[in-house]
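The values are calculated or read from the model by the stated rules, or taken from the named source; none is laboratory data. Quick caveat, the model's predicted, so the values are computed rather than measured. For neighbour counting, all protein chains shown are included, and Cβ atoms are generated from backbone atoms with ideal geometry for every residue, glycine included.
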Amino acid sequence: MNTVRLDAAHLLRLAGELAELLADTVAGGASVGFLAPLDRAEAAAWWEERSGAVAAGRLAVWVAYEEPGRVLGTVSLALPDKPNSVHRAELVKLMVHRAARGRGLGRGLLGVAEEAAAARGITLLHLDTETGSPAERLYRSSGWTPVGTIPDYAADPSGVPRPTTIYYKRLGTGGISPATR
C-alpha cells in the first residue's frame, strides 16, 4: 500500500477521486455522514471544503493508492484546537473502496493515522462508528476500547437511525507534554 499525507493543494487535486471513494462508501451502506444516493458533485464539494482545515493544520488527511495513482482509501485525523485538548485527536472518515476491501488497506490506514498521531505527541484517539458495522471488528481487533453506545445517533445511508459506539485508544502515557503544547 502506498500512502501519502495530503496538503491542501493536493487534496483539491484529488477531490474528484476522493468524491468517488466517498460515494462508493455511502453506496456500500457505510454510515459516514451522508445519505444515499450521494451525488459526486456534492461529495467533491464536501472534500474541497476540507482543504481550509488541512491548510490550517486542523485536519490531517492520508490517501492509500495504487499506481498510477488511483485512490483506494483514506483516513483523517481531526486535530485539537484548544489548549486543554492538544493531547487528543479524533479519527474520522476511514474509508476503503469496496473493490479494494480485504487487502488490509483499512488496517494499514488506521496504523498510519495512529503512528502519525503518536509522532505528533498525541496520546489519546477517539472515534465513533455505527454499532454492528464491519468497522467495529477492525477497531476492536486493533486495540480500540468501546466506551458505550448511543441509540439512534446517526442515520445510515438509507435514512434509518442507527446506534453508534464510541471508541478510544491510548497511544502513550497520557497528560499534556511539552511536545504537544
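Starting from the stretch 146-159, take each residue that is in contact (Cβ under 8 Å) with a residue 24 or more places away in the chain and over 19 Å from His126 (Cβ atoms) and list its partners that are surrounded by 10 or more Cβ atoms within 10 Å (Cβ to Cβ) and of a type in the set (Lys, Arg), counting only C-beta distances under 8 angstrom and pairs at least six apart or across chains.
Ala155/Arg162; Asp156/Arg162
Looking at Ser31, Ser85, Ser51, can you tell me which residue is hydroxyl-bearing (Ser, Thr, Tyr) and farther than 29 Å from Gly159 by Cα?
One residue alone meets the criteria, Ser85.
Among the residues of the stretch 96-106, write down those that are in a helix (DSSP H, G or I) and surrounded by 16 or more Cβ atoms within 10 Å (Cβ to Cβ).
Correct list: Ala100, Leu105, Gly106.
I'd like the full set of residues that are exposed (fewer than 13 other Cβ atoms within 10 Å of the Cβ) and assigned to a strand (DSSP E or B), limited to the stretch 133-147.
Thr145, Val147
For the stretch 21-67, what are the residues that are in contact with a Lys or Arg (Cβ under 7 Å, 6 or more places away or on another chain), within 30 Å of Ala119 (Cα to Cα) and in a loop (DSSP other than H, G, I, E, B)?
Passing the criteria: Ser31, Val32.
Within the stretch 32-82, how many residues are at pLDDT below 95, farther than 15 Å from Arg98 by Cα and touching a helix residue (DSSP H, G or I) at 6+ places or on another chain (Cβ under 9 Å)?
Going through the stretch 32-82 one residue at a time, the tally reaches 2.
Please go through the stretch 12-31 and pick out each residue that is surrounded by 22 or more Cβ atoms within 10 Å (Cβ to Cβ) and touching a helix residue (DSSP H, G or I) at 6+ places or on another chain (Cβ under 6 Å).
Leu18, Ala19, Leu22, listed by residue number.
Which residue out of Ile122, Ile150, Ile166 is part of a loop (DSSP other than H, G, I, E, B) and among the hydrophobic types (A, V, I, L, M, F, W, C)?
So the residue among Ile122, Ile150, Ile166 that is part of a loop (DSSP other than H, G, I, E, B) and among the hydrophobic types (A, V, I, L, M, F, W, C) is Ile122.
Restricting to the stretch 54-98, and then to whatever is farther than 20 Å from Gly33 by Cα and in contact (Cβ under 8 Å) with a residue 60 or more places away in the chain, can you tell me which residue is nearest to the chain's Cα centre (by Cα)?
The extreme case among them is Ala64.
State all residues of the stretch 1-20 that are assigned to a loop (DSSP other than H, G, I, E, B) and within 28 Å of Gly132 (Cβ to Cβ); if no residue qualifies, say none.
The answer is Met1, and nothing else.
Step by step: first the residues of the stretch 1-11, then only those that are closer than 21 Å to Ala100 by Cβ and either in contact with a helix residue (DSSP H, G or I) (Cβ under 6 Å, 6 or more places away or on another chain) or among the polar types (S, T, N, Q) (or both), then the one that is surrounded by the most Cβ atoms within 10 Å (Cβ to Cβ). Which residue is that?
Leu11
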